[in-house]
Amino acid sequence: MTRIPEIPWSPRPAGARRDHRLRDKVDALGFPLVPLTLHRSRRILTMRKADNSIGDERAGTPRLALVCAAGSVGSPLDFGGSSMSRDHRRFAPSRAGRLGGVAKAASAFLVLALIAGLWLGGPARAQETRIIYPGSMAVTGFSGTVIPDFDSSDSEKGGLPPGVDPIDETFIDTARATLRVFDVSSLGGPASGQLVYTPPPFEVTSGQIGQVFGLTYDDGMRGGVPSGIPNLYGGATSLHGIRIVTPDADDDGRPERQRRGMAGAAFMEGQFGTENGGGPGTIWKVDGISGQVAKFADIDTNSGPGIGNLTFDPIHRQVFASDLDTGLIHRIDPNGALVDTFDHGVAGRPAHGLAPVADDGAVMDIQGAAFDTEDPETWGYTQDERRVWAVAYHGGRLYYSVGEKAEIWSVGIARDGRFAGDPRWELTVKADKDYAVTDIAFDDSGFMYLAQRGPVENRYDYSQFADSGKGEVIRYFSENPDDPATESVWVEAPQEYAVGFPQGFRQSAGGLDLQYGYDAEGDLDTSACTRTLVNTGDKLRDNPALAERLAAGGPLALHGVQITPRELVKPANVPPFGSWFVDFDGYFEDPEVEGHVGDVAVWHPCEGRAGYYEEIPGGYLPPFYPPDFQPPGNLPPCLDVDDVRYFCTPRGLEADLYLHDHAGLGGDSIKAHSRTPGVGVTSPMSHAPGKPYTIGITGHDPGDTVDVGLCFYRKSDKDKGGYYPCCKMTLPLRTPAVSCER
């Protein structure tokens, strides 16, 4: 949807400021600058008339608002969404024709101001149809509501009949967005707790995809060639409520809303995108170039609980999705085919001494009398002990969260992309409340970030979808060295961030990701990878005790995203005046809604170097015997190399060696040393069975081939003292062409 921007009441400079000529709030022609995000009123209830004008109302007579009707530009979307272009990280409509269809009542001033804004955005280029740039921030949330074909009570049609509750005639607004992609490349100045006015986001409506929560990007490979422009994926959700209807029984042209299950019930339009072939197990794909929306995959066994979250594995080019109905984690290939699954309840729990828990088979039966839209216990979620929420691929393993007393687990991803069958308990989350962790992210320093979301709610009046106000955003880091007295390899007590201004500063809505850094002027610095935390939250600027100070930075009723330098953990940034804030939908008059915002995902590729614990491409040459240790006769080598994988770590480049005991020596340890002058190689003296051998490499230039001498032996032989058998060989390692240095 495209709407005419309005001049905000906030005295703060609006929007991006790359050209300092614009600081006087006028352009070179003398036109006032217009912020490209609307300053509007958020209304839970929107009344739409047959002539497509809109009335916003919570109670009483509706207040009509103007709608700008604009056709899509550029490549058409499969299901009628909007598309826009951008010049140098600034979104702008791609041609003046986007003004076509503006209602005649629009003031000439606003039209001139909008034209000036388009002129300032630089010449539009038709070939630039991409919607995702480095730093692009995608956010999900509830799309809002509408009373279809509503007319005021004094019209000929008479509005709603006497005695009819407007809420009973209120439906999901399928014309409004449930997914937005924001340009946050310039935040307009240093952080001071202010609202940031962004260029108009790219939008995907609930009419196209229904309600979605979890997000992930792929790697931008197109036809086997890197494009540098990823696609975006969103998973169907019940976290923004479940609504059902039965066919129209009173001839008012609208179906009948139902609170309880009954025969003939169906999901409301805009719930799961069923009108476009979607369902509660659908994963949608948004093309990062054209903006086209299509169904990527469908977990057709999901009866209604939906997808917990998504993550992309760039090494094996596959998507992982958690299924809230069965508790399974699905592995999905690049074409959207479901390949296989991992069952934490059965295969994971025993690895930590817990009894296996199989799925109880419960389903969401919206036609059964037991189903209650306001009782999530009737929605068919799998048992809490096996309910997987968040998923995140990192360092060759898939990390995932389980249950409301959240545990973090991981399982390895094998060389062929399959689940490695080595589930590992990582930690049990320490937070004030036992809330589900619905998102996980890692930065380039190895910190693990977790976002809580309050228990699922579903008010019939659409006001609340989660019990908000106590959800935390925290981060863990690994013990270095590992403390043998603790069960986990992660520190026991996490660091916490202040989220939002309400007392307690725990307004997490359950989504988070890492962003590039920002400079002193609030401009994106793509050379600083994962230096900023972004997280979703409710009521982010609502605190009566701070109202006067907050008012200078924009509206108080803000539900959206908080942007914070990652080093500002508590007690720093309390209250969070060191953060910026972005509103999800540009409406600011519903301070009491909860759970209307969902997940957030940022496209932040790090060019020229890798993040810590990120697998990076390299290789190796065939090993050979050192000249001073030739085997007798024509004996085969006693050691083979199956694979070598490289990772950047806080200590520098590390290589995981997957070795095969070809001669049956029974070795369990290696010694490694460099046979390349000027290069250092370190290795542990012992090795855990079933794990790769890890060595560190220093002093080389990226891309160099480093000869590593290996001694493969049994630790028990060495511990006896004196001579012990050792299989020696030299392994030429072709190191990655990217640097791990910071």
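The values are calculated or read from the model by the stated rules, or taken from the named source; none is laboratory data. These numbers come from a predicted model, not from an experiment. Cβ placement follows ideal geometry from the backbone for every residue including glycine, while neighbour counts extend to all protein chains displayed. What goes into the accessible areas is simple: the full protein's heavy atoms, side chains included, and nothing from ligands, DNA or RNA. Shrake-Rupley method; radii C 1.70, N 1.55, O 1.52, S 1.80 Å.
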Problem - Of the criteria (1) open to solvent by 20 Å² or more (accessible area, probe 1.4 Å); (2) farther than 24 Å from GLN211 by Cα; (3) free of Cβ contacts under 8 Å to residues at least 60 places away in the same chain, which one GLU404 fails - result: (2)
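Return the residues of the stretch 170-211 that are assigned to a strand (DSSP E or B), among the β-branched types (Val, Ile, Thr) and more than 25 Å from ARG541 (Cβ to Cβ); say none if nothing qualifies. Spell out the reasoning first.
If we filter the stretch 170-211 for residues that are assigned to a strand (DSSP E or B), which is where we start, we get 171-172, 177-182, 186, 195, 202-205.
From the residues that got through so far, the ones that are among the β-branched types (Val, Ile, Thr) too are 172, 178, 181, 204-205.
Answer for the stretch 170-211, where residues must be assigned to a strand (DSSP E or B), among the β-branched types (Val, Ile, Thr) and more than 25 Å from ARG541 (Cβ to Cβ): ILE172, VAL204, THR205.
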Exercise for the section: Check the stretch 354-377 and report whether any residue there is among the aliphatic types (A, V, I, L, M), open to solvent by less than 30 Å² (accessible area, probe 1.4 Å) and out of contact with any Lys or Arg (no Cβ under 8 Å at 6 or more places or on another chain). Expected result: yes
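Against the definition (open to solvent by 10 Å² or more (accessible area, probe 1.4 Å) and either closer than 24 Å to ALA509 by Cβ or assigned to a strand (DSSP E or B) (or both)), how does GLU385 come out, yes or no?
Taking the combined requirement at face value, the residue does not satisfy it.
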Completion exercise
ARG549 meets each of (1) open to solvent by 40 Å² or more (accessible area, probe 1.4 Å); (2) basic (Lys, Arg); (3) under 25 Å from the mean Cα position of the chain (by Cα) with one exception, condition (3)
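So which residues in the stretch 194-215 are in contact with a Pro (Cβ under 7 Å, 6 or more places away or on another chain) and under 24 Å from ASP298 (Cβ atoms)?
Going through the stretch 194-215, the residues in contact with a Pro (Cβ under 7 Å, 6 or more places away or on another chain) turn out to be 195, 197.
The answer is none; no residue qualifies.
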Completion exercise
Looking across the stretch 274-294 at residues that are hydrophobic (A, V, I, L, M, F, W, C) and surrounded by fewer than 24 Cβ atoms within 10 Å (Cβ to Cβ), the single one that is nearest to GLY368 (Cα to Cα) is ALA294
Practice task
May I ask you to say which residue of VAL473, VAL489, VAL499, VAL456 is in contact (Cβ under 8 Å) with a residue 24 or more places away in the chain, under 21 Å from PHE584 (Cβ atoms), of a type in the set (Val, Ile, Thr) and open to solvent by 10 Å² or more (accessible area, probe 1.4 Å)?
Solution key: VAL456
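Quick check on GLY234: is it at negative phi, touching a helix residue (DSSP H, G or I) at 6+ places or on another chain (Cβ under 8 Å) and in a strand (DSSP E or B)? Full working, then the answer.
On the way: at negative phi: yes; touching a helix residue (DSSP H, G or I) at 6+ places or on another chain (Cβ under 8 Å): yes; in a strand (DSSP E or B): yes.
Against the criterion (at negative phi, touching a helix residue (DSSP H, G or I) at 6+ places or on another chain (Cβ under 8 Å) and in a strand (DSSP E or B)), GLY234 qualifies.
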Fill in the blank from the handout: Scanning the stretch 295-340 residue by residue, those hydroxyl-bearing (Ser, Thr, Tyr), buried (at least 16 other Cβ atoms within 10 Å of the Cβ) and within 21 Å of GLN367 (Cβ to Cβ) turn out to be SER303, THR326
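Condition check ((1) at pLDDT 95 or above; (2) among the β-branched types (Val, Ile, Thr)) across all residues:
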| site | (1), (2) |
| --- | --- |
| PHE202 | yes, no |
| GLY220 | no, no |
| GLY228 | no, no |
| ALA263 | yes, no |
| GLY273 | yes, no |
| VAL286 | yes, yes |
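Given the options ASP218, ASP149, ASP173, ASP165, name the one that is charged (D, E, K, R), free of Cβ contacts under 8 Å to residues at least 60 places away in the same chain and either surrounded by fewer than 24 Cβ atoms within 10 Å (Cβ to Cβ) or touching a Gly at 6+ places or on another chain (Cβ under 8 Å) (or both).
ASP165
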